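Working notes for the structure below.
Bear in mind that the values in this text are calculations on the coordinates, not laboratory data. Just so it is clear, the model here is predicted, and its values are computed rather than measured. Note: ideal-geometry Cβ built from the backbone for every residue, glycine included; neighbour counts use all protein chains shown.
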Amino acid sequence: MKFVRGPRGGMNSERQNLLGYTLLLPAVLVLTLCGVLPMAFVAYYSLHDTFGGNSFIWVGTDWFEQILAAPEFHAALARSLGFSALALAIEVPLGIYVALRMPTKGVMAAVYIVLMTIPLLTPSIVVGYLWTAMTLPKAGLLYEALAPFGLNLNMNKPVTAWLVLAAMDTWHWTSLVVLLCFAGLRSIPDDYYRAARIDGASNWSVFRYIQFPKLRTVLLVAVLLRFVDSFIIYTEPYVVTHGGPGVSTTFLSHELVLTALVEFNLGEAGAMAVVYFLIVLCVSWAFFRLVVPRSRSKSGIAAS
Amino acid sequence: MNNRRSFAPAIYVGLLLVPIYWLFIMSLKTTKEIESSFIPYPHAPTLENFKVIFDDPSWYLGYVNALIYVVINVAISVTVAIPAAYAFSRYRFFGARILFFGFLTFRMMAPAILLVPFVQIFSELNLIDTHVAVAIAHCFFNVPIAVWILEGFISSIPREMDDSARVDGYGLIRYFRKILLPQIAPGIAVTAFFCFMFSWVEALLANGLTVVEAKPINGIMTRAGSVLAADMPLLAAAGVLGLIPGVALIVFMRNHLARGFSMGRIV
């Protein structure tokens, strides 16, 4: 993102403030209704105890103390972080690699892009059932493809369940990384490559000094989206593994939904949600600082 | 990028298509067939599963319902995001940096967190089981993304264009309509694509906020899939039909999308 550098000639800052806020108003209103308001509800739940959601009794930080001491919560949090780390470790390098190898123009580029978006546009529930079916004996392609190698796809083993979920997430979302990186790479003028070729630069130095700097921003976007979405994954593991075997694939969102809707413990779920939100807030702030470095922001938006 | 031919994208895309192929093949089989033997190609294909869906309004209306809220959501997201993105791109106003960050944090909230409050809020507003409820709920992740993508595209339009339009006596609204929007059309296409995608694949809120009238295909599939002996071929057929709107979107918008992605202005 490019924030405006100098003051606009002929427009004073008051007018800029007024125009800026006016144009932001619709978006702010929508986000207040669908973001701020529900989050305020969650914060309220986290500080109260309730019976059936009608009467609320102030309990202060009891719920927070309870969940921060609860091994189940720690375990679910660790599983979610682990799953995110696994998803990122596979999808980001693979996505960059495919994007670098993509043809720049022509029919094939368009064909690849269209075909790549199909998994992205597959509803998560379909993804879930498709990968469930893939792991069934006889009905499942994955099961039958592994069988001749003596590999018995046993979804009752935690390792297998994790690998299948990781494969499923890779299949579903790697193309997002590819598309974003592809878009980033397309913004590099051909002259840069020509100059690099004249200088006799190796593939690695082209990547290191020309492509990677351009990809930096786009990659942070991709990493952030993939981090958040894998961290909050719910539907797919719910369908494929039901959180099992045992609780080995019960991730944070699943734990939250179980607490809020099955046990109907709004206070505990609220406290979990607040903790989750604080984690994500820290990560995204770090991310934001990386995307908009200080040196640049000084001359731009932060100086205003 | 390099001009050398490479097999990597072809292999990658090929692998992506394998599960899609399997989905398609399963949809043409019967339950008995998939349970009795493994045949990796359509053997005695049947359209029976598709017939079940097309004969039953409670099935096929699921697609209509999902499409309605997705389209409403994309319309809201893009409409409110364009002026906001323009403001972030062009004006230096107090707190812009914090606001921009604030917008992004909404993208990071989980549907699982917001489900219960959404149910309460939309019950108060009498909007449970309506398309509007789901469309508004999905805004929390789509509006930030839309602002973010559009900001990049608007920033790639030279500011001189604003100035000359102002000199020519264009007001802000006329400038938006006549000059800015046509210029960033590929950007709007890319934005709409992302919003469509994130809203179309989301299941938890879409399911939790609807009962019967606005029940999306996600919910119908969940119900059909949670019985003891789930009918996999039927679910596969429902899945194949669930791919169609997305694929149609890409095919219709392919030129805009290709231009948008190659403008390299995603960020």
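Can you pull out every residue in the range A:234-257 that is facing another protein chain (nearest Cβ under 9 Å) and among the aliphatic types (A, V, I, L, M)?
Listed by number, the residues that qualify are A:VAL239, A:LEU252, A:LEU256, A:VAL257.
Can you tell me which residue within the range A:50-103, out of those that are part of a loop (DSSP other than H, G, I, E, B) and among the polar types (S, T, N, Q), is nearest to the other protein chains (Cβ to nearest Cβ)?
The qualifying residue nearest to the other protein chains (Cβ to nearest Cβ) is A:ASN54.
Can you run down the residue pairs with Cβ atoms below 9 Å, 6 or more apart or on separate chains, where the first is in the range A:258-281 and within 8 Å of chain B (Cβ to nearest Cβ) and the partner is outside any helix (DSSP H, G or I) and among the β-branched types (Val, Ile, Thr)?
A:LEU266/A:THR50; A:TYR276/A:ILE232; A:VAL280/A:ILE232
Does the range A:144-171 hold any residues that are more than 18 Å from A:GLY82 (Cβ to Cβ), within 12 Å of chain B (Cβ to nearest Cβ) and touching a residue at least 40 places away in the same chain (Cβ under 8 Å), and which are they?
A:TRP171
Do any residues in the range A:18-29 that are within 7 Å of chain B (Cβ to nearest Cβ) have Cβ atoms under 7 Å from those of residues that are among the β-branched types (Val, Ile, Thr) and assigned to a helix (DSSP H, G or I), where the two are at least six apart or on different chains, and which pairs are they?
Qualifying pairs under 7 Å: A:PRO26/B:VAL80; A:ALA27/B:VAL80; A:ALA27/B:VAL143; A:ALA27/B:VAL147.
Taking the range A:184-203, which residues are more than 12 Å from chain B (Cβ to nearest Cβ) and either in contact with a Phe, Trp or Tyr (Cβ under 6 Å, 6 or more places away or on another chain) or part of a helix (DSSP H, G or I) (or both)?
Correct list: A:ASP191, A:ALA195, A:ILE198.
For B:LEU125, all conditions in the list (1) touching a helix residue (DSSP H, G or I) at 6+ places or on another chain (Cβ under 7 Å); (2) more than 7 Å from chain A (Cβ to nearest Cβ) hold save one; what is the number of the exception?
So the condition that B:LEU125 fails would be (1).
Test of understanding: among A:LEU220, A:LEU225, A:LEU258, A:LEU179, which residue is farther than 21 Å from B:MET109 by Cβ, out of contact with any Gly (no Cβ under 6 Å at 6 or more places or on another chain) and among the aliphatic types (A, V, I, L, M)?
A:LEU179
Checking the structure you have, find out if any residue of the range B:55-71 is among the charged types (D, E, K, R), at the interface with chain A (Cβ under 8 Å from one of its Cβ atoms) and surrounded by fewer than 18 Cβ atoms within 10 Å (Cβ to Cβ).
No, the range B:55-71 contains no residue that is among the charged types (D, E, K, R), at the interface with chain A (Cβ under 8 Å from one of its Cβ atoms) and surrounded by fewer than 18 Cβ atoms within 10 Å (Cβ to Cβ).
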